[in-house]
Amino acid sequence: MAGATPSKRAAPDSNTLQPAKKTHWSQGLLASMNDPNLVVESDDRIVIIKDKYPKARYHFLVIPKLNFPNLKSLKREQSELLHYMEDQSRLLATKYPQVEFRYGYHAIPSMSQLHLHMISQDFDSPCLKTKRHWNSFNTRYFLDSADVIRCLEERGMVVTMTPIAGEKLLDQPLKCHKCVYSPQNMPKLKQHLYKHINN
DNA sequence: GTTCTAGAAC
DNA sequence: GTTCTAGAAC
C-alpha cells in the first residue's frame, strides 16, 4: 500500500494541550510553599507561610522542606526538627510583641505535609466560620508543639488519636477559650470573642 | 481544606 | 421568613 506508513497512525492532536493534571486539594500546601504571596520566611530546612484561610488575625504554617506527610511519619530523630520549627515560629512571633500565639498541630489534619500552626488567640477572622474550625484549635484536637515533641522524644513516635476520637472532639459543643461562655452557634461565639480582644 | 446549598432550627 | 449548619463534591 503506497503511502501507508506505520508512523501515520492516529497521533494525538498536538494543538490540543491536555490541561495540567489536577492535584488533589489535600496536596494544596505543596503549591502554597512555593507561592511568593504566602511565604514569609524560608531557609534550608523550613518554609513559613501565611495560612491561605487564616482563622485569626495572625495564622502561619511552618512546613519542613523534607517531605513528612504527617505526625505518624516522624521518628525520634525528627525531634530536633520539631524543636527547630517551634523555635523559628517563636522567633517570627517576636515581630508581634503584643500578640498571644499558640503553637501546635492538628491531631487529624486534612492537608498533607507536616505543618505546625502558629495562630494568634484573637480568632478574629472572616475565614473562621464553622464549629469544626473552632474546635480544631480549641479542644484537645489541637496538640501543643511541646507535647508533641515530648511524646516523640519519650516514646519514639507521636501518638495522636483515632479519626473517630478526632471527629468527636470537632463535634463538641462550642465553648469560649477565655471564659465559661458556651454559645449556641458560631455567630454568637464570634460576637462574644470581641469582648476578649484589647485593640 | 473550601464551596455550595437544602433543609433544619429558630 | 430568615439564619445557620451540615453533607456532597466523579
TODO: Using only the Cα atoms of region A:86-199, build the gyration tensor, take square roots of its eigenvalues as a ≥ b ≥ c, and label the shape rounded, prolate or oblate: rounded if a/c is under 1.5, else prolate if a/b is larger than b/c, else oblate.
DONE: oblate
- [ ] Express the carbon and sulfur contribution to the solvent-accessible surface of chain A as a percent, rounded to the nearest whole number, probe 1.4 angstrom.
- [x] 54
TODO: Using a 10 angstrom cutoff on alpha carbons, build the Gaussian network for chain A and name the most mobile of A:58, A:103, A:181.
DONE: A:181
TODO: Skip the ligands, DNA and RNA, and give the accessible area per residue of chain A with a 1.4 Å probe, whole Å².
DONE: 63
Task: Structure-based [θ]222 nm, chain A - -39500 (n - 2.57) summed over DSSP H runs of at least 4, per residue, nearest 500 - done: -8000 deg cm²/dmol
TODO: Indicate the gyration tensor shape class of region A:26-172 (rounded, prolate or oblate), computed on the Cα atoms with a ≥ b ≥ c the square roots of the eigenvalues: a/c under 1.5 is rounded; otherwise a/b larger than b/c is prolate and the rest oblate.
DONE: rounded
Task: Three-way shape call for region A:127-179 based on the alpha-carbon gyration tensor, with the a/c threshold at 1.5 - done: prolate
Task: Within a Gaussian network of chain A (alpha carbon springs, distance under 10 Å), most fluctuating of A:160, A:23, A:130 - done: A:23
TODO: Springs between alpha-carbon atoms under 10 Å, Gaussian network over chain A: tell me which of A:178, A:188, A:21 tops the mean-square fluctuations.
DONE: A:21
- [ ] Would you tally the net charge around residue A:199, using a Cβ to Cβ cut-off of less than 14 Å, leaving residue A:199 out, and scoring K and R as +1, D and E as -1?
- [x] -1
Open item on the list: Only helices at least 27 Å long along their own axis, judged from Cα atoms, and with Kyte-Doolittle mean hydropathy of 1.6 or greater: name those in chain A from DSSP H.
Closed with: none
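The values are calculated or read from the model by the stated rules, or taken from the named source; none is laboratory data. This is a predicted model, so every value here is computed, not measured. Neighbour counts run over all protein chains shown; Cβ positions are idealised from the backbone, glycine included. These accessible areas exclude ligands, DNA and RNA; they are computed on the full protein's heavy atoms, side chains included. Shrake-Rupley method; radii C 1.70, N 1.55, O 1.52, S 1.80 Å.
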